[in-house]
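Contents: one structure, followed by commentary.
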Amino acid sequence: MKILFKNANILDVDTMTLSLGSVVVENDIIKYVGKDVPLSSYGQVIDCEQNILMPGFVDAHCHSAMTLLRGVGDDKTLQSWQEVVNPMEDSLAKDDVYWGTKLAVLEYLANGITSIEEGYFVNDEIIKAVEESGLRARIGFGPTTRDYKGSLEDFLQSQLDLFKDVDSNRIKPCVFVHSIYVTNTEEIEKCVDFSAKHNLPMSIHLSETLEEVGNCTVQNGGLTPPQYLESLGFFDRKTLCYHCVNMDKDDLQILADYNANICTCPSSNIKLASGIAPVYAMQNKGINITIGTDGASSNNCLDMFKEMFLVATLSKVSIKDASVVHAEDVLKMATINGANALGFNCGEIKVGKKADIIVVDIHCPHMYPHDNLISSLVYSARGSDVKLTMVDGKILYKDGKYTNENIDLIYKKVNEIRERLKR
Ligand SMILES: [Zn+2]
């Protein structure tokens, strides 16, 4: 089917400019971007009323089903947060993870998030929820994925087999080494070998807290977490490292030398008091920086507008220089940089790209006047300004309504699950 978006303020993330025009989507691909309205017969015509048409956000780090634990462990240190959250996670049934992921999908779509990188622990249920939802996702598996027993190689293979029959354009696997503090050296080495054998990318929480860095140096002959992983061949793979809060310039140089990608998660890092990631220093090293929300029990809302605001403003305050990390920079992090890190052909409005598109309302008080809408997207807009979310050429959310989800059933299920977890 052909869909025409007309009268749209189209964001070009290369030049960071907006221009009025039309976009034509045919099936899952963007076929036209320009000033004209190409003559054709369209299955659907959408008048964007000069609102912003831009690529959907890529949320490069999340644990979707943690929506079930939203508000659990608030106002606690990371260690006491884990003492509350971990037992509740342990008592999650398999299909609880399905319903928690479905709740996260509602939030992603309403806030204009079209791709995610997922790392949780019941992957058949997660794959089912993501596949039904229409979302684009890279889904991780590894030694912390639930039901791991016996040989790690066999377990990793059984997890990879779950992806055999899924739409590989939209859902891809990656090897998820949760972190160096819950995964031992032998397991990390086996994950690296498996990743190399199957040509899979790898992801990890890295240098999130000072405690993690301190313990690593004590246990590994003075090596910092990036130095330790380098010694295990981790960075020889295509990697995405979450958080990277407590890294000095030598650590960052390692990530830069190996073309590692970083995902910064500012809400989670400040709520858990882990610190402020050195984003400006990462930029100066030429590292591909992406943005993630992390899970809903350390954030607590899955809104990339909030994360963009925080990446820009925390970067400024952390080095007391308001002139660094611009709105344009963080818009790239939240879109094209994320798509590149996850290996998806989306993240920009260009002919030949996958049609992952959102429309953002500019006809509301906080978006006026209209002469610097790039700034307004980062410093003024919010998730509720998203009017339409399309993934892979399909409209999944429009004017407050989902085309593909039974929200009443999802809300009922998650309330029931939470009641049960409290007991
Ligand atoms: Zn995380």
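The values are calculated or read from the model by the stated rules, or taken from the named source; none is laboratory data. Since the model is a prediction, treat every value here as computed from it, not as a measurement. Note that each Cβ is placed from the backbone with ideal geometry, even for glycine, and that neighbours are counted across all protein chains shown. In case anyone asks, the SASA skips ligands and DNA or RNA and just uses the protein heavy atoms, side chains included. Shrake-Rupley method; radii C 1.70, N 1.55, O 1.52, S 1.80 Å.
Things worth noting here:
- As for region 39-50, it holds at least one residue that is over 16 Å from Gly347 (Cα atoms), among the acidic types (Asp, Glu) and open to solvent by 20 Å² or more (accessible area, probe 1.4 Å).
- Output for region 105-121, where each listed residue is away from the ligand (no atom under 16 Å from the Cβ) and out of contact with any Leu (no Cβ under 8 Å at 6 or more places or on another chain): Leu106, Ala110, Gly112
- Among the conditions (1) more than 16 Å from the ligand (Cβ to nearest atom); (2) closer than 19 Å to Tyr280 by Cβ; (3) not aliphatic (A, V, I, L, M), the only one that Cys216 does not satisfy is (2).
- Annotation for region 243-250: at least one member residue is away from the ligand (no atom under 16 Å from the Cβ) and either at pLDDT below 95 or not in a loop (DSSP other than H, G, I, E, B) (or both).
- Of the criteria (1) surrounded by 24 or more Cβ atoms within 10 Å (Cβ to Cβ); (2) more than 14 Å from the chain's Cα centre (by Cα), which one Asp294 fails: (2)
- Set Val324, Val311: member being closer than 21 Å to Ser115 by Cα, open to solvent by less than 10 Å² (accessible area, probe 1.4 Å) and either away from the ligand (no atom under 16 Å from the Cβ) or of a type outside the set (Val, Ile, Thr) (or both): Val311
- Among the residues listed as Val122, Val105, Val84, Val130, the single one being touching a residue at least 12 places away in the same chain (Cβ under 8 Å), open to solvent by 30 Å² or more (accessible area, probe 1.4 Å) and hydrophobic (A, V, I, L, M, F, W, C): Val84
- Scanning region 13-32 for residues that are closer than 18 Å to Ile395 by Cβ and open to solvent by less than 50 Å² (accessible area, probe 1.4 Å) returns Ser22, Val23, Val24, Val25, Asp28, Ile29, Ile30.
- Test: residue in region 57-70 that is within 16 Å of the ligand (Cβ to nearest atom), of a type in the set (Ser, Thr, Tyr), modelled with pLDDT of 95 or more and outside any strand (DSSP E or B): yes
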